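Nothing in this text is a laboratory measurement; each read-out follows from the coordinates by a stated rule. This is a predicted model, so every value here is computed, not measured. As a convention, Cβ positions derive from the backbone with ideal geometry for all residues, glycine included, and neighbour counts pool all protein chains shown.
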Amino acid sequence: MANHDNEMRRYSDADLNMFKELINSKLEVARKELSRLSEQLKNSNANGTDDTAGGYRNIDDGSETLEKEQLGIMAMRSKKFVENLENALTRISNKTYGICRVTGNLIPKERLMAVPHATLSIEAKNNQYK
C-alpha cells in the first residue's frame, strides 16, 4: 500500500476539530463528575463515627461500607473515562484519531459520535470476543 493511500485514510482537520469539540465538552462533564465523586468519597471517609460509636456495630455499618465501595467503583470508572477522552485528544493532535487500531480502517463517524474515545471498529470489537 502506497504512503499516499495512508494519507487518505484519516479524518479531515475539520472532522478532527468537530470531534475535538465533542470530546472537550464530554471531558468537562466527566471531570466535574469525577471531582464530585472524589469529594463524596473523601467526605464519606471523614464522616465516620468509629471513634464515638463505642462497641456498637449496627446494620448501617454494612450499608456504609457498600456505599463507599460503590462510590469507589464509580470514581474509578469516571477516572478511566477521563483518561480515555484525554487519550482521544492526543490522537486528534497526532491525526491518528478515528483509525481502528486493529484493522487500520476509519471508524465510522456515527460510532465516534456515540463513543468518542473508541479505538476499535465494531468489526474489530466483535472479533475480540470470538
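Reducing the stretch 60-100 and the stretch 18-47 to their Cα centroids gives an inter-centroid distance of 9 Å.
Fewest Cβ neighbours within 10 Å first, please rank TYR129, TYR11, TYR97 accordingly.
Ordered by Cβ neighbours within 10 Å, fewest first: TYR129, TYR11, TYR97.
Charge tally for ALA124 (other residues, Cβ to Cβ under 12 Å; Lys, Arg +1; Asp, Glu -1): +3.
Neighbours of PHE81 by Cβ distance under 11 Å: Lys/Arg scored +1, Asp/Glu scored -1, total +2. Applying 1/(1 + (r/R0)^6) with R0 = 25 Å to the Cβ-Cβ distance of SER12 and GLN128 gives a FRET efficiency near 0.30. For ILE99, the residues whose amide H sits under 5 Å from its own are ILE107, ignoring neighbours fewer than 5 places away on the same chain, with H placed 1.01 Å from N.
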